[in-house]
Amino acid sequence: MTRKAAFIRKIVYISIIAVLLIPLSYLSQPSGYNVREYPGGMLDRMRRDNNLSQSSLGEVDPTSETMKLATLGMRGVATTILWQQANEHKKKENWDQFAAVLRQISKLQPHFIQVWIFQAWNQSYNVSVEFDDYEYRYHWVKKGIDYLIEGTRFNQNDVRLQWQLGWVFGHKIGRSDERQQFRRLFKKDDMFHEQLPFEDMRPVQDFQGDIDNWLVGREFFLRAIALAESPKGSKRWGQSPVLFFSEPTMQSINYSETIVEEGEFSNYATDSWKEAGREWTEDYGRRQIETSVDGLYIQLAAMDEREKERDDLIEQIEAMFPDFEALREELRQEKYDALTDKEREAYDLPADERNDEQVGIAYSVEKRLEVKHEEVIERAPQEIKDKGLRLGVQLSALNRRIGFIDSYRSIVNYQYWATRCDAEQTEEMINARRDVHEAAKLYEQAVLTEYTDPITDEKKPGAKQLYESAFKNFASVFERYPVMLDNPETEDLLVHIDDYRTVLGQLEEDLPEDFDLRIILEIFDALGQRRGDAAELAKRWAVRREALRRIKLEEERAANDPTNPRNAEVSPPTVPGDDEAPSDSTSSDPRNTDPSPPTVSDVDQPEPESDPRTTPPSPPEVE
Amino acid sequence: MTLEQEVLTLSQWLFGVPASGSTPGHFGVLWAFALVLVALVVVVLFVAYLAFAMQYGPGEGFLRVGRMLRIAWTDLASISPRRIFAMTWLAFQEAIRMRVLVAFGVFVFVMLFASWYLDVKTDKPAQLYMGVVLGWTNLLVLILALFLSSFSLPNDIKNRTIYTVVTKPVRLGEVILGRMIGFTLIGTLILAIMCISSYIFVWRGLSHSHRLAADNEGIPELTEDPTIEDEDGHHGWSGLTSESDYHRHTAYINPDGTGYTDVQKGHRHQIFNVNGLSKPIADITESARTLRRAQEATEGDIDPAYSRQIFRRVIETSSRLVGESQTAAGRSQGEAKQLYRDLASTMEDVQTAAEAKKLDATIDKLCQAQAIVNDVAIARFVIGPPIDQLRARMPQYGRLSFLDRAGLPTDKGVNVGNEWTYRSYIEGGTGAAAIWTFENITPDRFSPDNPEFEEGVPLDLTLRVFRTYKGDIEKGILGRIQVIEALSEEDVKAGKQPLVSEPQIFYAQEFTADRKHIPYKIDARDKGGAGSLQPDLNLFEDFAHDGRLIVRIQCEDRAQYFGAAKPDVYVWTGNNYFFVNFAKGYCTIWFQMVLVICFGVLFSTFLSGPVAMLATAMSYVTGYFAQFISDVTSGELEGGGPLESMIRLFYQKNTVSDLGEGASTTAVYGMDSIMLGIMTLFSYLMPDYGNLQTSSFVAEGYNIPPELMTQHMLTTLAYFLVVAALGYMVFKSREVAA
């Protein structure tokens, strides 16, 4: 090879390098100080658009960077080994080493969001319960939270980390078995409060000025929402929007619930429920929530309005036809004629005579026989068809929207929480909660019946009276808001009913037949499991309570009726506990005079179609 | 601390322990060493004979082997310490020339930035610091030893500088020994410097101070604490300290003014009184506070009668306090009088202002009065440096046995579902018990005259708790400790029932060494605990016959469990000096370094530098992962040998999925078993480096047992001798071949 050839080759190489440098410089040109005027090369723009540069993700940590460099590109391997080590430390209960390794992992891969979430959960939920001492447990819950907070420093725009923080603050501290202790420790933990990244602490302070975990959780959820709505926030939320947006309000609800549970029955509690209700029905209920269908947004609180729109539309459609119902019936008949013999046979049979297969067939036939407005419109005369079709399309869209609202409302139990917020503000509910709280305390102190306050010398109700008063108020609330019965919170009452029964047992009394919360006992079996549809039970219960009320009225009327021959002979029935001893004669009680007393179960079985308000079961009697 | 591998006594380690029950036996190291040595000698002689026989014929081969042995003996007999020293010095100088001190530079660099990487919020900072310094020292020193030992001889041979040595009247054995000792010396020097600088690093990193948290007026925020009470019924005080290094303590001050903080992050602090006064809150301060609170509550409008009442109390107490402080703080009578005069005149001002209903002026004057009293009557405290952080507890472990729920002996307790089976669990409220037997618990070791043992024989508990139901979460799980009379075999045969002490009830505390004491005077019942009560029995005379102390621990709460392993209960025999323990930790690094140097020099006698280094590194890895290799070979660890695991990685199959049948799989299994066989053989021959790690003792604050140190030392010595001999032979054979 001559020197010339070698020289030419070098020139060619240099030229190729120079040529390649041109696109490279175009691609990787950095942006200037003023990004608008000097947006930089393609790589820089892509990095900015996708929030991939270190500084846009969060803090740049020198230790993290050195560690990444020190692994010489073997970061993945190093992380895997550390992950393995962490598992081993966890298995062998080397908790401090475990935490130290987790720190190292996060330094190596600070932008791997799932690592932060998983390992924070591991510390707060899995490691914490390995300790017997609740203070250690609390310490490890905090460690998990600390880990998440550190994660947010490296990933300032990640929605999931903020959301997770809200969750752990709220639910781990406020819902776990040790919630009383955790909340107590959290309120006192000034050092931990100092780490909270809030400039203004007022929104997280409760009515006494203490930092409350639910309110802290709420703030983090609000931050997550603010991020999700800002262009720089991550696109992945880790939740469906309907749940994602519900959380801040749920924290307000949980906060209200907790302060009442802890014995706060003043205006603070009602105000808090009021505010929670407002947030639920206005802030959340009126929020445009994206559905699983592209571009379809719904408002959970707009159910009534949409239904009204639908009714108007249907009215318009039906008004277009001279005889809409006849046409609908005609279509139905056509569909019926098109059925196979087997289908017709199954459908025509009375429901209780169908076998399993026929039940299925009949159900599907019923669905098919339904005539929708759109189908009737198809048969409309030409002159009104166009308008009809337009309205039909609108109706379909509206139906679909209503369907979505309905199903999304059921996901978050919208109606229940709206009702609960209302119900909790009522005087009856506040009184019920106060009485049950006081009753539980007196029960603990074994003060079962009325007692005299040694300081004020006043007569005060004992556990029994307070329970009874509480249950009466609860019953009244449930009657007004039957939807309240269909929720797990009702189970909490079971504990108090059990205590009440114990109180009665100690006083050698039985649970009264007209016990106000018998419905609760019917909803749950002896093991605390739900027995059936609470709504259905609630209906029946309302009927029975009405019946009992009528009996009482009847009794009172009968007792006060001077024309009643029985009253001439005996005095009216006395209330037990009065100074005057109850009469020995049982004949004074009209209930005992009835020759054939039907059982309560008799009034338990109203006709399914009958309206309890208008057709009370006859004759209202009890044992 | 967790001790998965039991520390054997020297005789057990040397001569072996037979297996008993569920405890595996141990084959005596001495026998193993002798066996390996004999095998090695046979193999070496056989290889030498083969080599000679192939070159000179079978008959001549024998003669040559004999001659070789004679030369070896001559070399051994004529080894000269002077020449070894010369060789050592040469190696030392060479090492310096090779800039080994760079390793120290790297170490200093690491120490400078180590704190960046340490988790500042860790619960046990001492462990973390210790882990870092010991880990880095280990790594750096071993790398240094590796490079130094494997490249030296090959470089000399390659550069032919070896001739300047071998042409001198030096024997090859001396060259080998000289290198080993020389490199060891330089390594020792570096290690010693590292040890001292790490100690300083750890000490500086962990030292911090607190002060008592104070209010705006500088008065410590202490409250009277009825849980602290002296014999006369005086109460002590408690309050928080300031925050430092991400923690703060609760301070407990006794009525006499002395005190301690609680334990946080593995340490506590002693509280010292600096002005000889014992009362941290003067009545006058309290009065001023009350007045201020009253003023705030009524928005400035206080009932003058109420304030007068307070002032009267203030004046009475202030004169008393000044009087008391005069003696306590050693003030002269003149000084005290002057103070009292100042106070009285200020108090007059206070009263005048109060009566004139000038509340702001009243408060100001009261503050002045308070400042005077603060100076003279209120105790001042300082909080000392952290204690119990860097320590070396000396535990004496016992034998552990279990009783099942019926109270009958069993091998182990219940498994509560943990993957890690280190601990066995005993059920509460049943006959289940964990029984520890400690030997040599005698009055001359544990005497009430010794302040450390005045309460009794100290017993540290690190039990685990497992709850099957929540119970009262604010209370721990109750347990009981009982001492059982140690009966002789004759007594047992005679059917004698032991004395059982009345139970000492305790709440189990996890993850901390919970100190209990076995008192010297014990109330007990005879007939195995079912008999009559016998008060004030003597621990040593009535229970610990022949120094054998039997302690039974049971869980009191029904259906709750205690978890226990042998090291979870031990008799605390005192503390060793921390630095000595720290140095012992460095000694084990030194042992490892010596072994690496030996193997490096050995391999460098017949391999080129890089290959010798690789071989030495491999020998370390094989020794370090001996247990892992043994687990893979025995099938205890899933995933198979090198080839199989590689195939699983490649095809992304997990460790237990079936590889399928076929010739290729069979071939893979076959090759793996050969490779694993070789690896196992090597792992048996190499030192168990994994076992030579003692950093966990130092980090967790336990003295490294002397038995363990001796075992490590003997192991190192044995390897040193054998490897030196092997190195000599290989080097000799190369010379012969050359």
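The values are calculated or read from the model by the stated rules, or taken from the named source; none is laboratory data. Predicted, not measured: the structure shown is a model, and the values here were computed from it. Note: ideal-geometry Cβ built from the backbone for every residue, glycine included; neighbour counts use all protein chains shown. Note: areas computed on protein heavy atoms with side chains; ligands, DNA, RNA excluded. Shrake-Rupley method; radii C 1.70, N 1.55, O 1.52, S 1.80 Å.
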Seminar exercise, completed: Over the stretch A:152-307, the quotient of the Cα radius of gyration and 2.2 N^0.38 Å is 1.10
Problem set entry | the stretch B:526-568 versus the stretch A:393-451: alpha-carbon centroid distance in Å | 56 Å
For this session: Report the one residue of B:ILE550, B:PHE628, B:THR430 whose Cα lies farthest in the direction of the positive end of the charge dipole of chain B (charges on C-beta: Lys and Arg +1, Asp and Glu -1; origin at the Cα centre).
Result: B:PHE628
For this session: Determine the distance separating the Cα centre of the stretch B:52-125 from the Cα centre of the stretch B:187-251; give it in Å without decimals.
Result: 47 Å
Exercise. Can you give the FRET efficiency for A:ALA6 and B:THR2, using 1/(1 + (r/R0)^6), R0 = 60 Å, r = Cβ-Cβ distance, to the nearest 0.05?
Worked result: 0.30
For this session: Any of B:LYS496/B:LYS521; A:LYS143/A:LYS172; A:LYS143/B:LYS121; A:LYS68/B:LYS653 with alpha carbons more than 20 Å apart? Name them for me.
Result: B:LYS496/B:LYS521; A:LYS68/B:LYS653
Exercise. Can you list the residues of the stretch B:109-140 whose accessible area drops by at least 50 Å² going from the chain on its own to the full set of protein chains, with a 1.4 Å probe?
Worked result: B:TRP116, B:TYR117, B:ASP119, B:LYS121, B:ASP123
Exercise. Simple spin-label model, 7 Å along Cα-to-Cβ: A:SER28 to B:THR352 in nm?
Worked result: 8.5 nm
Problem set entry | R0 of 25 Å, Cβ-Cβ distance B:GLN270-B:ASP449: FRET efficiency to nearest 0.05 | 0.60
Exercise. Taking the inverse of the average 1/r across all pairs of different Cα atoms in the stretch B:531-685, what Kirkwood radius in Å do you get?
Worked result: 21.9 Å
For this session: Provide the buried accessible surface between chains B and A in square angstrom, both chains summed, 1.4 Å probe, rounded to the nearest 100.
Result: 2600 Å²
Exercise. Roughly speaking, what is the stretch gain from B:LYS470 to B:GLU661, that is 0.36 nm per residue apart minus the C-alpha to C-alpha distance, in nm to one decimal?
Worked result: 63.7 nm
For this session: Extending each Cα 7 Å along its Cβ direction at B:TRP31 and A:GLU325, get the distance between those two points in nm, one decimal.
Result: 10.4 nm
For this session: Find how much the distance from A:ASP356 to A:THR449 grows on full extension, using 0.36 nm per residue of separation minus their present alpha carbon separation; answer in nm with one decimal.
Result: 27.9 nm
Exercise. Taking the Cβ-Cβ separation of A:GLU315 and A:SER407 as r and a Förster radius of 22 Å, what is the calculated FRET efficiency to the nearest 0.05?
Worked result: 0.30
Problem set entry | Gain upon complete extension [B:SER634, B:ASP688; 0.36 nm per residue less C-alpha separation] | 17.7 nm
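When the helices in chain B are scored as -39500 (n - 2.57) per DSSP H run of 4 or longer and the sum is shared across all residues, what 222 nm value do you end up with, to the nearest 500 deg cm²/dmol?
Working: 20 runs with 370 residues, N = 738.
Calculated at 222 nm, the ellipticity per residue is -17000 deg cm²/dmol.
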Exercise. Do any residues of the stretch A:92-115 lose at least 40 Å² of accessible area when the full set of protein chains is present rather than just their chain alone, and if so which, with a 1.4 Å probe?
Worked result: A:LYS92, A:GLU93, A:ASP96, A:ARG103
Problem set entry | Residues losing 50 Å² or more accessible surface upon assembly, the stretch B:391-435, compared with the chain by itself, 1.4 Å | B:TRP420
Problem set entry | lysines whose Cα lies under 27 Å from that of B:LYS584, excluding same-chain neighbours fewer than 8 positions away | A:LYS92, B:LYS124, B:LYS265, B:LYS566
Seminar exercise, completed: Pseudo-spin-label distance A:GLN195 to A:ARG286, built 7 Å along Cα→Cβ, given in nm, is 3.9 nm
Exercise. By how many degrees, 0 to 90 and rounded to 10, does the Cα axis of helix B:101-117 deviate from the longest principal axis of chain B?
Worked result: 40 degrees
Exercise. Treating the beta-carbon of each Lys and Arg as +1 and of each Asp and Glu as -1, no other charges, what is the dipole magnitude of chain B about its Cα centre, to the nearest 20 debye?
Worked result: 3520 debye
For this session: Pick out, from B:ILE674, B:GLY479, B:PHE151, the residue whose Cα sits farthest towards the positive end of the charge dipole of chain B, with +1 on the Cβ of Lys and Arg and -1 on the Cβ of Asp and Glu.
Result: B:PHE151
Exercise. What is the Cα centroid distance between the stretch A:473-517 and the stretch A:354-375, reported in whole angstrom?
Worked result: 42 Å
Problem set entry | Cα-based reach from A:LYS472 at 24 Å (exclusive), listing lysines while leaving out same-chain residues under 8 positions away | A:LYS274, A:LYS441, A:LYS459, A:LYS460, A:LYS464, A:LYS539, A:LYS552
For this session: Calculate the translational D of the stretch B:685-738 in whole µm² s⁻¹ from Stokes-Einstein, where the hydrodynamic radius comes from the Kirkwood formula applied to all Cα pairs, the temperature is 10 °C and the viscosity 1.306 mPa s.
Result: 118 µm²/s
For this session: Give me the accessible area per residue for the stretch B:98-163, probe 1.4 Å, as a whole number in Å².
Result: 47 Å²
Seminar exercise, completed: Computed over the stretch A:438-494, protein heavy atoms only, probe 1.4 angstrom, the accessible area per residue in square angstrom equals 54 Å²
Problem set entry | chain B - percent of accessible surface contributed by carbon and sulfur, probe 1.4 Å | 59 percent
Problem set entry | Average accessible area per residue (Å²) across the stretch A:269-395 - probe 1.4 Å, nucleic acids and ligands excluded | 61 Å²
